[in-house]
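The values are calculated or read from the model by the stated rules, or taken from the named source; none is laboratory data. These numbers were taken from a predicted model, which means no experiment stands behind them. Cβ sites come from the backbone with ideal geometry, for glycine too, and all protein chains shown count toward neighbours. Ligands, DNA and RNA are stripped out before the accessible areas are found, and what is left, the full protein with its side chains, is counted by its heavy atoms. Shrake-Rupley method; radii C 1.70, N 1.55, O 1.52, S 1.80 Å.
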Amino acid sequence: MLAVFAEVDGGGGLRRPRRVLRYGMTPLHHDHLTAPGAAPSATMLLLHGIYGAGRNWRTVARRLVSARPGWRVTLVDLRSHGRSPRLAPHTVAACATDVSGVEDHLGRAADAVLGHSFGGKVALLHARRAAPAPRRYWIVDSAPGAGRPAGGAWRMLGVLRRRPGPFGSRAEAVAAVEAEGYSPVVARWMATNVRQDGWDGWVWRIDPDEMEGYLRDYFSVDAWDVVEEPPEGAVIHFVKASASSVLDAEAVARIRGAGRGTGRVFLHEVEGGHWINTENPDALVELLAHGRLTGHVAGRGPRH
């Protein structure tokens, strides 16, 4: 059973039919964005990071389809995020299976998959399990390997637990995150995860225990095999945010080595921090839209 809600975006006239898979496939919420009047022939699936939702990437997606009207961008809410239901198990592999279910619903394999942070590792596991097909993966500031839980996303679990709400307003939730030492940009982004709950005020729509499960699994999963031996037909582009330590020097060297060894792995660096979609969307859109979206950026190969 499929519920479809056609909606017209007020900014630029982009069409946003909202689709939710109710039964028989993965129940992930996803939105399609296309340029006005376009009849796109190619599809990119866009996968957000932990605590995020597809809507966090709408600005990038909107500008991308405007620049490349032959493409449709499908913004996916991963399980337990955004408008998708809270499901178990809380693993990267389960998320990757869900993404294949979205492709099954679309009736075709995506031509490209972009994943940010947690979504980047979901994309890599999707590449590992997907049937051979010519497709491109864009892995945005996401480490392929396993490691010790750390970083801003891991520390955010403490914020959710110390400041569970309810809040009197969304602005109050923003202030609570800022009080924990996060930037206003990150605090506003995080506060997209609060919702009004009747007389109780504004509450988090995400569960810290579930988020911890996803993060622990993220840090335990090693996907270097996908990078160093890409599946047939796959080309993998890594995007490193210059001010982020997610991809450290060792990981960068290993990615470059995979590029030299396979000719199908590329590394691009853009200015900005980990949440590059909000901090420097211009650079990301430039990289995606004004190069070869399904290949490497014109004039660039793996950086040595």
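Please report, in debye to the nearest 20, how large the charge dipole of the stretch 214-261 is about its Cα centre when each Lys and Arg carries +1 at its beta carbon and each Asp and Glu carries -1 there.
Numbers: 5 positive and 8 negative charges, 56 e Å.
That gives the stretch 214-261 a dipole magnitude of about 260 debye.
Out of the chymotrypsin sites (Phe, Trp or Tyr not before Pro) in the stretch 28-135, which ones are loop residues according to DSSP with at most 10 other C-beta atoms within 10 Å? Could you put the intermediate results ahead of the total?
On the way: sites: TYR51, TRP57, TRP71, PHE118; in loops: TYR51.
In loop regions of the stretch 28-135 (DSSP not H, G, I, E or B), there are no sparsely surrounded chymotrypsin sites (Phe, Trp or Tyr not before Pro).
Under the definition of Cα pairs under 8 Å and six or more residues apart, what whole-number percent is the relative contact order of the chain? Each step should come with its number before you reach the end.
Numbers: 601 pairs, mean separation 48.7, N = 304.
16 percent.
Quick check: Cα centre of the stretch 68-130 to Cα centre of the stretch 172-207, how many Å?
25 Å
If each of SER220 and THR59 carries a label point 7 Å out from its Cα toward its Cβ, how far apart are those two points in nm?
Result: 3.6 nm between the two label points.
Probe 1.4 Å, all protein chains in place: accessible area of THR91 in Å², nearest 10?
The accessible area of THR91 comes to roughly 40 Å².
Relative contact order (percent) for the stretch 135-268, with alpha-carbon contacts under 8 angstrom and 6 or more residues of separation?
Working: 160 pairs, mean separation 48.2, N = 134.
It rounds to 36 percent for the stretch 135-268.
Sort 94-104, 34-44 for me by packing, meaning the mean count of neighbouring Cβ atoms within 10 Å per residue, highest on top.
Working: 94-104: 20.7, 34-44: 16.1.
The densest-packed peptide leads the list: 94-104, 34-44.
Pull out a ≥ b ≥ c, the square roots of the eigenvalues of the alpha-carbon gyration tensor of the stretch 116-228, then state rounded if a/c is under 1.5, prolate if not and a/b is larger than b/c, and oblate in the remaining case. Could you put the intermediate results ahead of the total?
Values: a/c = 2.57, a/b = 2.21, b/c = 1.16.
In terms of gyration-tensor shape, prolate.
Would you mind calculating the relative contact order of the stretch 71-210 from Cα pairs under 8 angstrom and at least 6 residues apart, reporting the percent as a whole number? The partial results should precede the final answer.
Values: 145 pairs, mean separation 25.3, N = 140.
So the answer I get is 18 percent.
With every protein chain left in place, what is the accessible area of THR262 in Å² (1.4 Å probe, nearest 10)?
50 Å²
With all protein chains present and a 1.4 Å probe, how do SER80, SER183 order by accessible area, largest first?
Numbers: SER80 5, SER183 50 Å².
From most accessible down to least: SER183, SER80.
Using a 1.4 angstrom probe on heavy atoms only, work out the carbon and sulfur share of the accessible area of the chain in %.
50 percent
Probe 1.4 Å, all protein chains in place: accessible area of ASP248 in Å², nearest 10?
Probe radius 1.4 Å; accessible area of ASP248 about 80 Å².
May I ask you to list the GluC sites (Glu not before Pro) in the stretch 193-250 that are in a DSSP loop and have at most 15 other Cβ atoms within 10 Å of their Cβ?
Details: sites: GLU210, GLU212, GLU228, GLU232, GLU250; in loops: GLU232.
Passing both the DSSP loop test and the Cβ count: GLU232.
Once label points are set 7 Å from the Cα along Cα→Cβ at both ARG195 and THR97, what is their separation, rounded to one decimal in nm?
Result: 2.4 nm between the two label points.
Subtracting the Cα-Cα distance from 0.36 nm times the residue separation, let me have the gained length for SER41 to ALA243 in nm, one decimal. All intermediate terms of the calculation are to be shown ahead of the outcome.
Numbers: separation 202, 0.36 × 202 = 72.72 nm, distance 3.54 nm.
Length gained, SER41 through ALA243: 69.2 nm.
Computed from the coordinates I sent, Rg/Rh (Cα atoms, Kirkwood Rh) equals one of (i) 1.15; (ii) 0.99; (iii) 0.94. Tell me the label.
Checked against the structure: label (iii).
Under a 1.4 Å probe, what is the accessible area of the chain per residue, stated in Å²? Intermediate results must be reported in sequence, preceding the final value.
On the way: 12570 Å² over 304 residues.
Using a 1.4 Å probe on heavy atoms only, each residue of the chain averages 41 Å².
log10 I(q)/I(0), Debye, Cα-only the stretch 27-182, no solvent, q = 0.16, 0.20, 0.21 Å⁻¹?
Taking Cα atoms of the stretch 27-182 as identical point scatterers yields -0.94, -1.29, -1.37.
Spin-label point model (7 Å from Cα, Cβ direction): what's the ARG161 to GLU250 distance in nm?
Label-label distance for ARG161 and GLU250, simple model: 2.7 nm.
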